[in-house]
Structure formats: C-alpha cells, structure tokens
1. Near the amide H of B:Thr299, under 5 Å away, which other amide H atoms are found, from residues 5 or more places off or on another chain, if H is placed in the peptide plane?
2. Which residues in segment A:243-267 place their backbone N less than 19 Å from a point set 7 Å from the Cα of A:Phe13 along the Cα-to-Cβ direction?
3. Taking 2.2 N^0.38 Å as the expected size of a compact globular protein, what ratio does the Cα radius of gyration of segment B:188-309 give against it, to two decimals?
4. Which residue, B:Val246, A:Leu371, A:Gly583, has the largest displacement toward the positive end of the dipole of the protein assembly as shown when charges sit on each Cβ (Lys, Arg +1; Asp, Glu -1)?
5. In the protein assembly as shown, which cysteines lack any other cysteine Cβ under 4.7 Å from their own?
6. Suppose each label sits 7 Å from its Cα in the direction of the beta carbon; what would the A:Phe142-A:Ile223 distance come out to in nanometres?
7. List the relative contact order of chain B as a percent without decimals, with contacts defined as Cα pairs under 8 Å and 6+ residues apart.
8. So for chain A, taking the charge dipole from beta-carbon charges (+1 Lys/Arg, -1 Asp/Glu), which of A:Pro675, A:Val476, A:Tyr491 sits furthest toward the positive end?
Amino acid sequence: MKKLKNLSFKIYFLIIMGLIAIGVIISFSFYAKKYYFNSYSIMYNLNRLENAENRLNYNLLYSSLFLYYNNDKISKKINRIRALIEELESNEFFKSHYKDAYKDFLNYKKAFERKEDLIFEFMRYNLPIKNSLIYLANSLKFMKLDSTNIKYVMNVLSSIFLSKNTGDLVFLKEIGDLKELEKFKNSPDEYKKAFIRNLMIYIKYYPLYRKYLYEIINSSTYINLKSAFKKFKTTLNRDLELFKILSYILIIFIITLIGLLILVVLRLDEKIRDVYFLLEHDSLTGLKNRYKLNKDIKKIDTPAVILFNIDKFKNINDYFGSKIGDKLLNDVGNNLKNFFKNFDTSIELYRVGADDFAAVLDGKKYKDNELEKIAKKAIDMLEGEEFKYNKTTLNINLSAGISTKEPYLENADMALKQVKKDIKEKIKFFKKNLNNDIEKNIKKSKEIKEAIESNRIIPYYQPIFDKDKNIYKYEVLCRVIINESNIKSIYEYLDILKENKMYHKITQIILKYSLEKLKEFKDLNLSINLSVEDVLNRDVVNFIKKEFTKKDIANRVTFEILESEVENYEALKEFIKKMKKYGIKFAIDDFGSGYSNFSRVLKLDIDYLKIDGSLIKNIVEDKDSQLIVKTIISFAKSSNKKTVAEFVHSKEVFEMTKAMGVDYFQGYYLSEPKPNINL
Amino acid sequence: MKSIMFILFFVLLFAQEPIDPIPLKIKNINKEKAILGKILFFDPILSKDKKIACVSCHKPQCSGADCVQYSIGVFERSDKPMNAPTVYNARYNCWQFWNGRAKDLKEQAMMANHDPEEMDMDKKTLEKRLNSSLKYKSLFKRVYNKDYITDDMVYDAIAEFEKTLITPNCKFDRYLRGDKNALSEKEKRGYFLFKSYGCITCHNGINIGGNSFQKLGVFIKDIKIPRGLDRYEVTKRKEDKYVYKVPTLRNIALTAPYFHNGSVKSLKKAIYLMGKYNLGIDIPKEDINYIEAFLKTLTGEIPEILRGK
C-alpha cells in the first residue's frame, strides 16, 4: 500500500513536471518566435538601410556625373532612409536587446542627419555647376570669336572638362588669363559676358561641389551602419548559441521525463500484474481461486466441476494448529494439482474454500462415470499419502461432489454435503432433487430451533432385553414434538444440529431428563448417546463430571458412542478412561457399519458393542451379515465385551442372534420406544 | 577640335530623360478616408475664426494654389511674404512648404493648421469642435472605427485627400509616354530650350521640381526680394539664406503669381528672371516664348475627386 502511494506520488510528480515542460516549451517557443520575428525585422531593416545607403551614394555619383538627372531619385532615397531609421529607432526590441548595435545605430542616425545636410548643400553646388557647364558648352555656338579668343575659350573649356573629370583643382588655376577674362567681361557681346559669369560661378562652386561630394562619399554613415550590423550579428549569434543550449537542456529534460514515465509505467505494470495474480490466486497454496474459477468456467462450453473436501479438516486445524493445517492444505492442493497435471493438462485446479478444492474439466471429454472415476482416483491417491510434519503424521479422508450443471460450484457443493450425510459414499453426483434437500434443511433447522426454545425436545425410552427377555436397561432416545400428533425422531435433524453446532444442546437436555429418571428410579439403568462433539464440549463434560460421577448414579449409566464418529481418538480415550474410574460404562454404537477397526476399539476399553442395525435387519437371509456378526461376537467374547443387537424386529431375528451368542437385544419385536418407563 | 568638344558635351547633356509622367491612376487610396479628408479640406470649422478652410488658400479655380500674392488667414491675418504653393501633385514633392520644413502632407496639414497666420488652431479646440459634431463623429467612426476624433486622424484624412489631387495626362506626359505628336514643333523646341538652357537641372523628376533646395539668384550679388521663410529658418546656416525648395512646374500656367513671394505675375517674366538670376543669362524673347509654350503643355486634368464641383 505504501509502495502504491509512493507510486501515485511519482505519477503526480511526473504530471507536474510534464506540465512544467509543456509550459516551458510553449513559452520558449512563444519567446523564440517573438525573438526571431523581431530580430528578423531588425536585420531586414538594417539590410534595407545598407542597400538604401549604397543606392543613395550611387545616385549621388550618378547625378554628379550626368548633367541631366532626375533628382527625385536622391530625395526619395533620403526619405526612404529616414523612414527606415525612424522604424528602427522606435523598435523597442532593438533598443532593449541589441544595446551595442543600437548605440552604433544612433551614431549612424546622427551621421546620416549630417550627411543629409551635406547632400542638400552638395546639390546646391552640383546643379549650378551643371548649368554653367551647359552654358559654357552652348556658348561656343553663340559667341563671335577671333583666333586669340578661341584659344582662350578652348583653354577654359578643356581645363573645366579636365577638372570635372579628374576632380583635380590644379586645372582651374590654368584658367587664370586675367587679360582675356577682362576683355570678355567688358565685351559688348552679351554671350561673352555670360560666358565669364558662368565661368566665375564654376570656378567658385567647383571646389565646394568637390569638397561636399567627397565628404558625402566618405561620410561615417557607412562605417557606423556596418558596425551596428556587426554588433547586431554578434548579439544574435550569442543568443542563438543560448537558444541552442536551452533547447538541449529542454530535450534532456523531456527525455528524462519520458524515461521516468516508462519506469513508472513498467513498475505500475508489475504492480498490476501482482494485483491480478492476487485477485485470481490463493495466497496460501498458489492455486487459482474462486474468482478465477468463475471467470474461467464461462470460457468452457460444457464444464464439469469436481469439488474435493478434506473430511474433518477443522479438527485437524484445532488439534495440530493452523500452521500444520496450512501446510496440509498446501500439500493437498499441490498433490491434487500434480495429479491432474499428470492426468490431463487441460484440467485446472482451484482452491475455492478453506478446505475445498475444485477441478474444472471439459464435460465433453469425460462422461459422468469417468468423472466419478477420476475423483475416486484422486481421493485414493491422497488417502494413500502420509503427510509428515515434524513428528506429526497425518492421514486424511476426502469427499467429492461432482456437477455438470449450472451453477456448477454450488451444485457440486450440494452434492458434497450429501456425501457428508451418507458415510458410506465418498463421491456423489449432483442431482436435481438435491435442491429440495436445501429447502428441507432450512425448514428442519427452523423446526429444531423452535423445538429447543419451546422445550419440545423430549426423551423416549427403549428397553434392552437379555436372553430371557427381561429388561436389562433402557436406551434414552430423543424425540422432537412437531405437534400433538407428530412426534419425530431426532435422527433426521442430526446433520443440521451438527452443522449448526447445536447438538450439544440436545445432549444436555437428554442428560438432564436422564438424570431425573435415574434419581426417580434407583434401580434404573440408562444407556445415553454421546457424540464425539459432546465429549469435546466443555459444558457437556462439566455437567457429566458434576452429576453423573456420583456413586449411586455412575454405575447405572452407559454412554453410547457412534463408531463412525470416532476419529479424535486420544481425546475420547482420555474421556473414557476418566469416566470409567467412577463406574460409568461405555458402548460403541453402530459397530460394524463402516470401517470398523477392532484394534482401535480394543484400546478404548469399551464394555459393550452395539452391532449395527443394518447387519441385524437382514441377518436371517444374508450370509454376509451372519459372517460379520459372528466375527464381531467372537471378537467381543475374546476381549471380554458384551454385545447388543439392534433392530431386532422379528422372532426369527431374536432367535437367530440369541443362538449366535449375542448378549442383549433391542428392537420392535421386543418393545418399541416409549415416552415413559414402567417399572 | 571645336566639334569634338561639342559632341562630348552633347553626350553628357542627353544622357537620359529626367522627367517622369504622372501616373494615370493612383493606387493605395482609402476612398472613404479621402472623401472625409475632402469634407475637412473644405470646412472652415478647422480654423480658429471658423472662416478659413484649407481650400481658402488652395483653390481649385487657382489650380490648387491661391490666385493672389498673399493669402488671407484667420482674422484677416496674412502670412507675408510667402505665396501659397499649389496642393496639386504636392504628394510628389519630396518635402512640403517652400523651405521643406514638413516631411509629408500630414505634417504640412498640421503645421498649416497650427500656424497663427494661417488657421491658428490648436489640438484641444479642434478635437472639441469635431467631437461635438454628429456628422463628423459618424464619418470618423466609419473610417477609423473610433468613437473619439483625434487631431491626428484629421490631418491623416486631409493628407489622404491631398494624395488624390493629381493632374495626370497633360500634353507633355502624353509626349513622354511616346505620343510624339502630343507636342507641337514650337512646344518641342520649348522643351529643347528648357533642357539646353539648363532649367532641367533643377526642374526635373515627376513633379518637374520639388526634389531639391536651391538658392534663388546664384548670379545676383544683392538680391532685393524679401527672404521670407527660406531654408535658413530650418537649418540656421548662413549659406541657406534665399534657399528654397525648387517649386513644381506642373500646371504652372494656372498658378500665377510666381516665386516664393508671388512677386512675379506673368510666366514670361518668371522665365526671364530665372535665366537672369540662376543661369546668368538673358534669355532672348523668342526663346522665352518657346519655353512658355512648353510650360503650358504641363497643364494636366483636374483631379478626379474635384470634378463636377
């Protein structure tokens, strides 16, 4: 549980880290996008500015070279540069992020403002010079020139031409023939006067024109712009490097997250598998459990279920402790599993209750009788096994219920219960009418409970006779009053009473009635039924010790114990030993019914053997029964025990058993049970 | 040798045609905004005394200029000695005003609006007046999608209107576009003289002027004309005295009087004085006639937005 908590914490941690990663990625990409957009626009504008600068210089040179020129081209470029400068200057990102470059850019702006003034200035000299040149060239057509004049004019024109095209002021000095100049100035020819005026303007303006042109071309704008550009790129590269590192970190972070996620998922998967295993398996034996059985059984079209139960497992647990009980369960489970594995791998074994094991088979493969055979084989195998734990050696008995009808497990269980009632059978197939038994059981359970509560449990007495038909003693039987006309034997309620752990109550009631009778009739001998459960019940034992060990009572009492119930040998032996000291006698009831064990009975120090009624009933016709009874009688005689025949229902039976050497007789032929004793 | 020199100069003279025609259609104009600008341009509410509109000094009947030497501003004031330049084709001037103190039309509109001698308006009053007018509120809302009218919007709209004031398709533009018969022989000779006298060195480009600052009277030592608001008022450099933006020659036949102070009434005189002042020559009468004939081919069509008015 703690581990699971830890795991869910890890998952939450991962979710949070994942969200953080997503947040970082989104904001990172948002910032990067903004950064790239802004930087790109700055770079783009810087580039355009550089181009515009080049174009401007180009246009200026062009305009200085050609006489006719569209000045729009220059002014437009100026306005364009101004607009670009304005745009860049107001770019906050440029200002805040590219501080160095921005500083240079501001220097550039200043330089450009100066350059702009220079351009206006330059144009103010450039254009008049052009006009003068045009006039000086044109004047050749209009002026009346003689041979001396023409030499002078050609001289002037060539000097001007050379100066304009070399940019060397030296050529202008050569014009200085003042005599000719004065002559032209004072000439009546207006063209000559204009020639001089234009020449003077040229001489005056040309050095200024040249100065400004050089200043413009060599202006620091270009250097400043280049420097701004360079610094911008430096910052940009630095940032890109940073971005790269950041994205590496992010990638590593995400990879780590994914790795962790995979780890957690794997661990979770492991946990889920564990949980699934626990869900479908029994933790003690490792076998599949009832849940799994219910799941698996749906996958089979015609399933068959064999349900095994360890007989009296509860007692084993009680006497040897749950540790050994658990070990036994584990061994039984594994033995069964191995048995089926070797038998047919398609058969699955499940532990469906404390000591219940269910095998699920394919009903198509096995016929009903085959199923019974398999169950028998399995039981034989386990009953032949000795389970050794330290010094304890255990032999176990098993029962099995088989069902091929829905609900499989419940039906098998019902069949199993049927087995438990009938001691002779170990395996039972589920049959429809079993269902009614349950209802009957419920009804019976209710009846008996009500009977106990309303004192409707009463004793009946059946006399036991000797050979001469004298009443030797009485067996106390138990009857249940259902109503006035219906008084039933307790026999049919025995199973329910035992199941509900109420049997000892009946015994106590009978003991009380018996005690009263014993006290009433001082010569009366009574034989009372005791079950092994009673012997183990503290209340019953205490009552017996207190009331039945008294001198005048004890030697008139016999306790009858059912042979088939004797499994808790040591406890019973102990009880018998103690009670016999007081003079109480003991009988084994229904002796010879099942698997009578003479040697065990011998050890118990028993006084009477009550021969099982089923042997007596048909003794006249049945040779087998005669043989068994004979054996019992001879065994009794040799071990100094008296025998009692039950179910003596006819004269023939009485005579025959008497002849065979039975000591005492009981049955309807002699006397039926009666509610009272008539002495 | 003489002829060699002549050829050499000839090559330099005719390197390329330095005048561009005005485009026949203007692009990138927000029509609604221009119409709003037009309404504002004609509305005297923009001046302090509510008597002067932009149109008061830039009259369509005077081809976007004023027909008198000095325009009348608010409260009968006058911006002496400056003569109102034409608003037509002003978008093709590289700077606005005679001394280029405004970088564009919008700035020009604002400066003229604020000038105490012109409209004497201030931001607060302007916005108050326009925002109390339901008509303007809805008009501005439609154009700018704003509930409050700012002065910036006003000048922006006026500038948009002024951008539409172009006079395309004059005879000379048709000539430039390849229609060699658009000009008569006389006019062609006028253009030739215009170039060969050197007028074109300053009057070039799409607006035939408006793209450089030049000194008035390069060849005159003591010019007697009043300076007015020249380039010096902007740069404060003594070399910039008498320096003005070269005016456009488009529609020049319709925009008398001439020069920065409107002191010259006839085009012929203006041509003559330009030759004297800035070329250092007396252009013969015959040539002046030719040049005048050429200049008259620069009269274009009335701006589309003003037609039918």
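1. Residues meeting the amide H criterion: B:Lys171, B:Asn251.
2. Counting backbone N atoms under 19 Å from the label point, the list is A:252-267.
3. Output field value: 1.11.
4. Farthest along the dipole direction, towards plus: B:Val246.
5. When partners are defined as cysteine Cβ atoms under 4.7 Å apart, the protein assembly as shown leaves A:Cys478, B:Cys54, B:Cys57, B:Cys94, B:Cys170, B:Cys199, B:Cys202 without one.
6. 4.7
7. Details: 540 pairs, mean separation 70.8, N = 309.
This gives 23 percent for chain B.
8. A:Tyr491
Values quoted throughout were computed directly from the atomic coordinates according to the rules given, and no laboratory measurement underlies them. Since we're looking at a predicted model, the values are computed, not measured. Reconstructed Cβ throughout: ideal geometry from the backbone, glycine too, with neighbour counts over all protein chains shown.
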